[in-house]
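A short write-up of the structure that comes next.
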Amino acid sequence: MASTALTVSWSSSWLNSLGGNLSEATKLPARRTALVVFAQKKATKTRKIILKEDVAYLGKMGEMLDVKAGYYRNYLLPLGKAQIVTPAVLKEMRMEQERIEAEKKRAKDEAQQLALSFETVGAFKVRRKGGKGKQIFGSVTAQDLVDIIKAQLQRDVDKRNVSLPEIRETGEYIAELRLHPEVIARVRLNVYAN
């Protein structure tokens, strides 16, 4: 902690200027005396909190932070955005974190099983009206693939999670289905002309 020292000294001439004529008995000796005064900074008070929701410029939900007591008392507490850290709160937070991790793992495993089933199907067949040579009328879209998957496997897939190359002629193509942020299934598509 930083401290500052202030030195105050006085002499008999200074005392004479304050009180006028002082008798010899009340005069201080000619030597100087030093008085040292220490001033300390006021201790900052902080609170250890856990955020219940995202707070702009502070942190995300579930983060443990140190904030000033007044900020917690006047802003975070009345709005219900944070709570003080206690052993019970820490235990509850750990249990919630474990539950979330288990749910993420279950979702990833389910997506991997679905990807395996898509890849073992073989190739999905798409029929379009044919033109000259290998050309087809129109193109095969993500919605077409979603409809075929729904008809053959009774699985719902969001068309925004399907990425297809541009398909305007017959042949075999590879489509990617993003089933989970970490799981991508590659599906073969055979395009035939009627």
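About the Cα centre, and with charges only on the beta carbon of Lys, Arg (+1) and Asp, Glu (-1), how big is the dipole of region 101-181? Nearest 20 debye, please.
Details: 16 positive and 13 negative charges, 77 e Å.
Using Cβ point charges on Lys, Arg, Asp and Glu, region 101-181 gives about 360 debye.
Taking the Cα centre of region 58-194 as origin and charging only Cβ (+1 Lys, Arg; -1 Asp, Glu), how large is the dipole, in debye to the nearest 20? Working shown, then result.
On the way: 25 positive and 19 negative charges, 88 e Å.
Value, rounded to 20: 420 debye.
In whole Hz, with x marking every Gly and Pro, tabulate ³J(HN,Hα) for region 104-115 from phi via Karplus 6.51 cos²θ - 1.76 cosθ + 1.60, θ = phi - 60°.
5, 5, 5, 5, 5, 5, 5, 5, 5, 5, 5, 4
Pop the C-beta distance of residue 168 and residue 101 into the FRET formula with R0 = 30 Å and round what comes out to the nearest 0.05.
Taking R0 as 30 Å, the efficiency between residue 168 and residue 101 is 0.10.
Rounded if a/c is under 1.5, else prolate if a/b is larger than b/c, else oblate: which is region 39-79, with a ≥ b ≥ c the root eigenvalues of its Cα gyration tensor?
Numbers: a/c = 2.89, a/b = 2.09, b/c = 1.38.
It is prolate, given that a/c is not under 1.5 and a/b is the larger ratio.
Straight-line reach from residue 132: which aspartates and glutamates have a Cα under 16 Å away, not including same-chain ones fewer than 8 places off?
Hits, sequence-local ones excluded: 169.
How much length is gained if the chain between residue 84 and residue 46 is pulled fully straight, taking 0.36 nm per residue apart and subtracting their Cα-Cα distance, in nm to one decimal?
Working: separation 38, 0.36 × 38 = 13.68 nm, distance 1.08 nm.
Separation in residues times 0.36 nm, less the Cα-Cα distance, equals 12.6 nm.
For residue 104, give me every one of the lysines with a C-alpha distance below 21 angstrom, ignoring sequence neighbours fewer than eight places off in its own chain.
Within reach: 52, 60, 91.
Could you grab the relative contact order for region 67-189? Cα pairs under 8 Å, six or more apart, rounded to a whole percent. Don't skip to the answer; put the middle values down first.
Numbers: 116 pairs, mean separation 29.7, N = 123.
Result for region 67-189 is 24 percent.
Hey, which lysines would be in cross-link range of residue 42, C-alpha to C-alpha under 16 Å, not counting anything within fewer than 8 residues on its own chain?
Here the lysines satisfying the reach criterion relative to residue 42 are 68.
Compute the distance in nm between two label points, each set 7 Å from the Cα along the Cα-to-Cβ direction, one at residue 54 and one at residue 127.
The answer from the label model is 4.9 nm.
Output wanted: per-residue J couplings in Hz (rounded whole) for region 156-162, from phi through Karplus 6.51 cos²θ - 1.76 cosθ + 1.60, θ = phi - 60°, x for Gly and Pro.
8, 10, 6, 5, 6, 8, 9
Values in this text are rule-based calculations from the coordinates and carry no lab data. Keep in mind the model is a prediction, meaning the values are calculated, not measured. With ideal geometry, Cβ positions are generated from the backbone for all residues, glycine too; neighbour counts draw on all protein chains shown.
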